[in-house]
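Enquirer: Just passing along the structure, written as structure tokens.
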Amino acid sequence: MTSGSGTVPAQPAATTTRAAASPAAPDTPAATAPTSDTPAANAAAAARRAGRPARRGAYRRLSVEERRAQLIAAALGLFAHRAPEEVSLDDVATAAGASRPLVYRYFPGGKQQLYEAALRSAADELELCFAEPRSGPLTVRLGRGLDRYLAFVDERDAGFSALLQGGSVADTSRTNAIVDEVRRAAADQILLHLEVAEPSPRLRMMVRTWITAVEAASLMWLDEGKQPPMAQLRDWLVDHFVALMAATSASDPQTARVLRAALALETAEGQAGALARRVMPVLGDASHLL
């Protein structure tokens, strides 16, 4: 290198090597002399001898599955609060700390493929909501399942509709099939709690009707500013299930047997007992119908 007065004398070789090694990447420290005879110090010395900067620590590249899961999680977080048509691949890349080409590498089908993968991830979570040990009062088990379901709705907030309830330009036969699979899985879980291997058409219809009511109530709950409080909504939905069973049992012998078995496990202090005490006075006023 030259200056205004001439040529600067050449530096010793060791000094030149250190100068060449000093420009480091933003997240990589410049090489320094080892302070102890450790593997890290030896690695730093080897890096200096090779004329390259030493690394602060070993970098672990994400596996294919880990990177894919990271992108899905980022997309799910965005789809949970915004409709799919309002989310771009650039948004997903930014949220995941990745690049748009990387997103395309894992999801060559673009946003639609990514949306379906995020929907599948959410569906897997929802399908487990009503998975409960099959012991104790039925109303308690349903209540715990609803707590998980409503917590999912609460966390996704306004995006719950776009994520699981349709009404989006991203809807396809595949996305609709995923959503219906969640409903069928929830129905199967509830039938397991009822200990029914082969439900009658009316009993299965009753369970599916209740699941539809839960979805509709959840959407209205979001529209109403999450009122009433979640615990009150949960209890009302459990009461609704018992009431539907009672109405169905009037015309379906299998449902009547299932209801009797379920009520035998309830207590006067439990939710079924409280429902009976609230309903009986109202039914008593209709004694003229008997």
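Enquirer: Quick one: net charge of Gln232's neighbours, Cβ under 13 Å, K/R +1, D/E -1? Please list the in-between numbers first.
Expert: Details: positive: Lys226, Arg234; negative: Asp147, Glu224, Asp235, Asp239.
That sum, taken over residues with Cβ under 13 Å, equals -2.
Enquirer: For segment 109-157 and segment 68-103, what is the separation of their C-alpha centers, rounded to whole Å?
Expert: Answer, in whole Å: 21.
Enquirer: Kindly identify segment 183-290 as rounded, prolate or oblate by the Cα gyration tensor criterion: order the square roots of the eigenvalues as a ≥ b ≥ c, call it rounded if a/c is under 1.5, otherwise compare a/b with b/c, prolate if a/b is larger, else oblate.
Expert: Oblate shape, in that a/c is at least 1.5 and b/c is the bigger or equal ratio.
Enquirer: Sort Arg184, Arg100 by accessible area with a 1.4 Å probe, largest first.
Expert: The ranking, largest first, comes out as Arg184, Arg100.
Enquirer: For Ser173, Ser200, Ser121, Ser135, what's the largest-to-smallest order of accessible area, 1.4 Å probe? Please list the in-between numbers first.
Expert: Values: Ser173 95, Ser200 20, Ser121 45, Ser135 75 Å².
My answer, sorted largest first, is Ser173, Ser135, Ser121, Ser200.
Enquirer: Moving on. Considering only protein heavy atoms and a probe of 1.4 Å, how much of the accessible area of segment 133-287 is carbon and sulfur, as a whole percent?
Expert: About 58 percent, which is the carbon plus sulfur part of the accessible surface.
The values are calculated or read from the model by the stated rules, or taken from the named source; none is laboratory data. Please read all numbers here as calculations on a predicted model, not as lab measurements. Every residue, glycine as well, gets a Cβ built from its backbone with ideal geometry; the counts of neighbours run over all protein chains shown. When the accessible area is computed, the model is the full protein with side chains, heavy atoms only, and any ligands, DNA or RNA have been set aside. Shrake-Rupley method; radii C 1.70, N 1.55, O 1.52, S 1.80 Å.
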